[in-house]
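Structure first, commentary second.
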Amino acid sequence: MKTSIAFLFLIIAVIVVSALLRSGERPAVQPLEGLPWQVEILPNGETRVFGLIPARSTLDDARGRFGMDMEIAVIAAPNEPGSLEAYSGNVTAGMVTGKIILLADADRDTVARLRQRAIKTEYMDSTTKKFMLHPDDLALAWRAPIAGITFIPAANLDEQTVLRRFGVPNERIRVDDRVEHFLYPEKGLDLALDSKGKEVLQYIAPRQFGRLREPLIKLAPVTTQSP
């Protein structure tokens, strides 16, 4: 019975589309949403990107947006306490595919407890470790607010594409001969353009933008470029 009903709806859809095409009308095309350059500035100064609001939305909100197969763990480099992160190696933002990493706003004590109770430890590279959370800790971890969003698009960007899609930045800071940062403080966005590697887009609450900019100033040569 379900198959017959589905087939009937398919026939109706074909008839409707055919009628529209014969009459010269085309079905309405829905605009793409959730693209990396679609940063909505909210009335209170916060921003929304990928359907998420940094410093307000939770890791669980991101999991609902990007898929329940998103992973979560404490990530730690040697001699560092680590951070709680959720991540996925293959997401689609509008029509742009890439990797996404979400940094949780979790205090040091919470991260330390999650790390201590981890059920498994893996090396991500030669030094950085991934601590897989205990099942009893997952609900708490997913409820953590998102402190920052990092998106690494699969396709390479160039300066022309960045300016056309994201607009003219408030400031440009070149940290070496291959990486230049395009800063959009009102959007909470730092876009790192890498002439020899992958671009990295970091989103943060605009009121906290200094956390992204200040380390760049220390790394940068004497001069920076602003419009």
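The values are calculated or read from the model by the stated rules, or taken from the named source; none is laboratory data. Given the structure is predicted, the values throughout are model-derived calculations rather than measurements. Methodologically, a virtual Cβ is constructed for each residue, glycine included, from the backbone with ideal geometry; neighbour enumeration extends over all protein chains shown. Surface accessibility is based on the protein's heavy atoms, side chains included, excluding ligands, DNA and RNA. Shrake-Rupley method; radii C 1.70, N 1.55, O 1.52, S 1.80 Å.
Structure data summary
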item	result
Number of the exception - THR47 against (1) open to solvent by less than 60 Å² (accessible area, probe 1.4 Å); (2) modelled with pLDDT under 95; (3) among the polar types (S, T, N, Q)	(2)
Inter-residue pairs, beta-carbon under 8 Å, first surrounded by fewer than 19 Cβ atoms within 10 Å (Cβ to Cβ) and in segment 138-150, second in a loop (DSSP other than H, G, I, E, B) and not aromatic (Phe, Trp, Tyr), 6+ apart	PRO145/ALA55; PRO145/ARG56; PRO145/SER57; PRO145/ASP105
All positions within segment 51-89 that are more than 18 Å from ARG113 (Cα to Cα), free of Cβ contacts under 8 Å to residues at least 40 places away in the same chain and of a type in the set (D, E, K, R)	ARG65, ASP69, GLU71
GLY94 vs. criteria open to solvent by less than 40 Å² (accessible area, probe 1.4 Å), without any contact (Cβ under 8 Å) to a residue 40 or more places away in the chain and either under 21 Å from LEU32 (Cα atoms) or of a type in the set (A, V, I, L, M, F, W, C) (or both)	no
Odd one out for GLU122, checked against (1) open to solvent by 40 Å² or more (accessible area, probe 1.4 Å); (2) not in a strand (DSSP E or B)	(2)
Residue in segment 52-89 that is least open to solvent (accessible area, probe 1.4 Å), counting only those that are in a strand (DSSP E or B) and farther than 23 Å from SER126 by Cα	LEU52
The listed residue being open to solvent by 30 Å² or more (accessible area, probe 1.4 Å), over 17 Å from LEU52 (Cβ atoms) and at pLDDT 95 or above, out of VAL162, VAL168	VAL168
Residues within segment 187-203 that are under 17 Å from the mean Cα position of the chain (by Cα) and open to solvent by 10 Å² or more (accessible area, probe 1.4 Å), tallied	6
